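These notes are about the structure you will find just below.
The values are calculated or read from the model by the stated rules, or taken from the named source; none is laboratory data. In this text, all values refer to a predicted model and were calculated from it rather than measured experimentally. Heads up, the Cβs are rebuilt from the backbone with ideal geometry, glycines too, and the neighbour counts pull from every protein chain shown.
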């Protein structure tokens, strides 16, 4: 998927395609930076890239948390809707 293919489906309920794509991309960049840290032996650059790893790790965790929040909200709404269907 290239930059021009990114379109929001506007159909989020229990998940978000855009956030899933963001998670995929952030994870790929994180892996790249982690590999750089393993390969780099120049202290200043290694330290800089370690900071980038920390930043990307936090971004990945934030995206996962938001996806979990969406999932939980969708499940709660499904439960409310189901309770009306049974009455």
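Looking at 16, 8, can you tell me which residue is modelled with pLDDT under 90, surrounded by 14 or more Cβ atoms within 10 Å (Cβ to Cβ) and touching a helix residue (DSSP H, G or I) at 6+ places or on another chain (Cβ under 7 Å)? Give the steps one after another, and end with the answer.
Values: 8 fails: surrounded by 14 or more Cβ atoms within 10 Å (Cβ to Cβ).
That would be 16, the only listed residue that is modelled with pLDDT under 90, surrounded by 14 or more Cβ atoms within 10 Å (Cβ to Cβ) and touching a helix residue (DSSP H, G or I) at 6+ places or on another chain (Cβ under 7 Å).
State the number of residues belonging to the range 29-50 that are surrounded by 11 or more Cβ atoms within 10 Å (Cβ to Cβ) and assigned to a helix (DSSP H, G or I).
Quick first cut of the range 29-50, residues surrounded by 11 or more Cβ atoms within 10 Å (Cβ to Cβ) only: 29-37, 40, 45-50.
Filter once more, keeping what is assigned to a helix (DSSP H, G or I): 29-37, 45-50.
Qualifying residue count, the range 29-50: 15.
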